[in-house]
1. Using DSSP loop states and a limit of at most 16 other Cβ atoms within 10 Å to flag GluC sites (Glu not before Pro), what is the longest stretch of the chain containing no flagged site?
2. Among the lysines, which fall within straight-line cross-link reach of LYS163, defined as a Cα-Cα distance under 23 Å, with same-chain neighbours fewer than 8 residues apart omitted?
3. Over the chain, what relative contact order in percent results from Cα pairs under 8 Å that are six or more residues apart?
4. Over 18 Å between Cα atoms, which of LYS61/LYS98; LYS377/LYS404; LYS98/LYS248 qualify?
5. Along its three principal axes, how long is the stretch 87-223 when you only count alpha carbons? Whole Å, largest extent first please.
6. So what's the stretch 176-263 giving for Cα Rg divided by 2.2 N^0.38 Å, two decimals?
7. Nearest 5 percent is fine: what portion of the DSSP beta bridges confined to the stretch 5-124 is antiparallel?
8. Would you mind calculating the relative contact order of the stretch 190-247 from Cα pairs under 8 angstrom and at least 6 residues apart, reporting the percent as a whole number?
Amino acid sequence: MYDLLVAGSGVAGATMAREAAKEGLKVLLIDRLPEDRVGDKVCGDALGSHHVERLGLSLPKESYFAIYPGIEIYSPDMRSRLSIVAEGLSAYALNRAKFGQFLLKLAMDYGCEFKPETSVTGLIVQDGFVRGAKLLNTKDGSKEEVYAKVTVDATGISRTLSKGLKDFGFDQGLDDDETLVCYREILETEETPPLPTIYLDMENAPGGYFWVFPEGENRVNAGLGVVKNAANPRVLFEKWVEKLACLKGKIRRVIHRGGGVVPARRPIDSAVWNGFIAIGDAAFMVNPVHGGGIGSSMTGGFLAAKVVSEALENGRVDAASLWDFNIRYMNNYGAKQAALDVFRIFLQGLNNELINYGMAQGLIKSEDLLKTSMGDKLKLNITEKASRFFAGIGKPWFLLKLSKTAQLMEEFRQLYVEYPSLEEFKGWRERIKAFHDRIHREIG
């Protein structure tokens, strides 16, 4: 029997496997992909340096293309720009495949056993506990049952294992507005922008945004995410290529293209059950505003490994013994995530005209937006001039709505800071649902 079975070797699963093996646990990590394809995933490939530093990692040069000091955000009319740059903070433009291989190798170097080309088909549940999982070798079709003291769902947005526990609290899904459907191309170009760039446009990227992230010289990661059922992102991608001066007529060749789906919401209410933990996209550990989840998923995997190690040392793996994972994640990232989910709902309810006006009037300064993304309270810059402007165009309600958003963000964040004990969880969950409904009523 294994101490830990981790299904999925993405950034969350590989990080948890590494940390658990480092703690001396007997770990089995599985993935449906061949070993040399682990890490091959379509995404924006950006990772904040603070996540790397927090986990004590030193990235090898081959795992990233470049490091940038910040990011820029443009309004739909391209007339306003926020430059998110701060001393001591930077962003890695990852070589996603080699970064994934790096994380996998670290786990294996610490003694983690790895089974590639292996899918999970279900959980083994006995006496009210998850005892392991049923596996399928996708290469030869063989099946086996693997037993472990703790089983982990790190299967991504498919949530393959968590779906088997719907009757035990894992019944949360994704609404359309909480789901970003993405299309991305890696391009060889004649020029690259100086910084990673995000373009807001609710007509040409409904509910999401378009991005152009440089990956060194003459290479960019370009793509967009839109809310589910809003539009075909690949069709919109072609419009953006014709719209942006950095891309139009300057693409030499397409290196890679692909699509995917990512969650964009607050974290799952509880990520644990008896003998079971969910991490990464399977537990919605993402930034709700942009859907990025590499850093937060690694944080989740790291914290989960510590909690499992402590639980095994105490000889218990019931939900009460694993509950501290919920508390630690909420305090490290989940509370911030909840606040940003409120801002996502506000932003998705705007049109291009309002975004243009708001950015032109400087209602949120670059430095305050950065602080908010790091977990601070949203600070607004509503000047007398801005108040007169919005009154003059007949939209004074917009500033009231923005102020209400800041208030709701702080109140929602505080609910997660005060994450409950297992005994108080049911009542807390009911308050979360009621508050989420209120958010949609008041600013959605």
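Laboratory data are not the source of any read-out in this text; all were calculated from the coordinates shown. From a predicted model like this one, the values you see are computed outputs, not experimental measurements. Here the Cβ positions follow ideal geometry from the backbone for every residue, glycine too, while neighbour counts run over all protein chains shown.
1. Values: sites that count: GLU87, GLU117, GLU190, GLU191, GLU203, GLU217, GLU418, GLU423, GLU424.
With GluC sites (Glu not before Pro) excluded where exposed in loops, the chain gives 218-417 as its longest stretch.
2. Candidates past the 8-residue exclusion: LYS41, LYS115, LYS134, LYS143, LYS149, LYS228, LYS426, LYS433.
3. On the way: 948 pairs, mean separation 74.2, N = 444.
Reported relative contact order: 17 percent.
4. Details: LYS61/LYS98 10 Å; LYS377/LYS404 13 Å; LYS98/LYS248 29 Å.
Over 18 Å Cα-Cα: LYS98/LYS248.
5. Its Cα atoms span 58, 38, 37 Å along the three principal axes.
6. Working: Rg = 12.4 Å, N = 88, 2.2 N^0.38 = 12.1 Å.
Rounded to two decimals, the normalised Rg is 1.03.
7. Numbers: 12 of 18 bridges.
Percentage antiparallel, nearest 5: 65.
8. Values: 88 pairs, mean separation 17.6, N = 58.
The value is 30 percent.
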